[in-house]
Amino acid sequence: MTDEQARSGNLIGPITLALLIVFGLLAIHGIEPPPAVEEHAPATKFSAARAMRDVREIAKEPHQLGSAENDRVR
C-alpha cells in the first residue's frame, strides 16, 4: 500500500461521518413544523390561533356520538 492509498483510506471515516451529520441535519430540518401564524393572517393560511377557538369550543363538554352536544360541535 502506498502512502497515497493510506491517506485516502484514512479520509473515508471522517468524510462518511460528515455526510451522515449533514444528512441528519437535513432530515431534522425537513420535519420541523412551520412557524406559527397569527390570528390576523390571511384566511388562505392556517392559523393555530384561529384553530384553537374551535378546539376550545369542542373541548368544553364531553360529546358522545349521537348526542345533541355532538351535533352542536360538529
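Just so it is clear, none of the values below were taken in a lab; they were calculated from the coordinates. These numbers come from a predicted model, not from an experiment. For neighbour counting, all protein chains shown are included, and Cβ atoms are generated from backbone atoms with ideal geometry for every residue, glycine included.
If you place +1 on the Cβ of every Lys and Arg and -1 on the Cβ of every Asp and Glu, how big does the dipole about the Cα centre of the chain come out, in debye to the nearest 20?
Numbers: 8 positive and 10 negative charges, 45 e Å.
Its charge dipole is roughly 220 debye.
Residue farthest toward the positive end of the dipole of the chain, with Cβ of Lys/Arg at +1 and Asp/Glu at -1: which of Ala59, Val73, Leu25?
It is Val73, whose Cα lies furthest towards the positive end.
Only counting other Cβ atoms within 10 Å, I'd like Thr16, Thr44 sorted with the fewest neighbours first.
Ascending number of Cβ neighbours within 10 Å: Thr44, Thr16.
For segment 23-36, take each phi angle, set θ = phi - 60°, evaluate the Karplus expression 6.51 cos²θ - 1.76 cosθ + 1.60, and give the result in whole Hz per residue in order, putting x for glycine and proline.
5, x, 5, 5, 5, 5, 4, x, 9, 5, x, x, x, 5
Please rank His63, His29, fewest neighbouring Cβ atoms within 10 Å first, as an exposure proxy. Write out the running numbers ahead of the final one.
Numbers: His63 16, His29 8.
Arranged by neighbour count, lowest to highest, His63, His29 become His29, His63.
May I ask you to sort Arg72, Arg56, Arg50 by Cβ crowding, counting other Cβ atoms within 10 Å and putting the fewest first?
Ranked by crowding around the Cβ, least crowded first: Arg56, Arg72, Arg50.
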